[in-house]
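This report refers to the structure that appears directly beneath it.
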Amino acid sequence: MASGRPKAEGKPMAEILGESRFDPVSTADKAFVLAFDHEMRRLGYGFGGEIGSGFCWGKYMIVYRKRGVADKKVFARIYIRESDIVLRLFFSKVDNHHKFIESAPRHIKDVFTGEAAGCKHCKNERDGACRFRKVYTIAGRTMEKCNGHTFRFEKPEQDKLDDYVDLFTEFYPLKRNKKEKPIVARRDAPV
């Protein structure tokens with residue numbers, strides 16, 4: 001970036017998903033990935049134009065970070081497994097968003113209140129509080145979740161994309177410069 005230009009973002013998602021290594025991925029899953037990628041780009045996040053190894057989470061992994069910043073914080077991932085995909089969103093300070101979660105559709109609320117990712121008080125407790133545990137309260141009920149497995153949407157569906165995006169923007173609202181007019185983002189607007 002010595003020239004002052006932003007770093008190139010690599011190949012577009014549609015081009016990458018057209019590669020033969022993604023032939024086993026279903027048409028519906030590819031459509032979801034493309035639609036989710038469009039939404040993330042609209043909100044200012046990107047995957048850097050590369051789909052890497054999924055390590056133990058799946059065969060491949062798409063990692064979304066804020067575009068145009070040096071911070072490498074991960075905001076979302078899509079794991080591409082042998083027969084399906086998983087959407088994982090990364091959230092902190094869940095208690096600040098309890099009202100939104102309590103009124104969310106069941107497929108959103110269950111990720112926060114269901115049995116999945118329940119903390120089993122594993123070996124990470126030996127030195128006191130586990131740094132991998134998420135503790136929050138929803139509808140008066142205290143939840144303990146293992147941060148290594150939280151906020152995963154197994155087999156996400158394109159017809160629920162608006163709900164996933166609404167949840168994401170609840171935790172990461174669009175920001176604006178104080179001198180600018182408010183950002184009005186339309187889901188159908190090209191990025």
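Things to note:
- Of the criteria (1) surrounded by fewer than 13 Cβ atoms within 10 Å (Cβ to Cβ); (2) closer than 19 Å to P173 by Cα, which one A104 fails: (1)
- The residue pairs whose first member lies in region 14-32 and is at negative phi, whose second member is not in a helix (DSSP H, G or I), and whose beta carbons are closer than 6 Å, counting only pairs six or more residues apart or on different chains, are I16/I51; D29/I85; F32/P156.
- Near pairs, Cβ below 6 angstrom, 6+ apart or cross-chain, from region 35-49 (at positive phi) to any residue that is in a loop (DSSP other than H, G, I, E, B) and surrounded by fewer than 17 Cβ atoms within 10 Å (Cβ to Cβ): G44/R67; G48/G10; G49/E9; G49/G10; G49/K11
- Residue in region 126-141 that is at pLDDT 95 or above and either assigned by TED's automatic domain parsing to the domain that holds M40 or under 20 Å from the mean Cα position of the chain (by Cα) (or both) present: yes
- Pairs with Cβ under 6 Å, 6+ apart, first in region 79-95 and over 16 Å from F132 (Cα atoms) and modelled with pLDDT of 95 or more, second surrounded by 11 or more Cβ atoms within 10 Å (Cβ to Cβ) and aliphatic (A, V, I, L, M): Y79/M61; Y79/V86; I85/I78; L87/I78
- Checking each residue in region 80-91 for being touching a helix residue (DSSP H, G or I) at 6+ places or on another chain (Cβ under 8 Å) and either surrounded by fewer than 17 Cβ atoms within 10 Å (Cβ to Cβ) or not hydrophobic (A, V, I, L, M, F, W, C) (or both) picks out only D84.
- Within region 119-147, the set of residues being under 27 Å from I85 (Cα atoms) and loosely packed, with under 12 Cβ neighbours inside 10 Å comprises just one member, K120.
- Residues of region 149-191 that are at pLDDT below 95 and hydroxyl-bearing (S, T, Y): T150 alone.
- Note on region 43-79: residues that are within 17 Å of L161 (Cα to Cα) and either of a type in the set (K, R) or loosely packed, with under 14 Cβ neighbours inside 10 Å (or both) amount to 1.
- Close pairs from region 154-174: first over 19 Å from D29 (Cα atoms), partner crowded, with 17+ Cβ neighbours inside 10 Å and among the polar types (S, T, N, Q), Cβ under 9 Å, at least 6 apart: none
The values are calculated or read from the model by the stated rules, or taken from the named source; none is laboratory data. What you see is a predicted model; the values in this text were computed from it and never measured. Cβ atoms come from the backbone with ideal geometry, glycine included; neighbour counts cover every protein chain shown.
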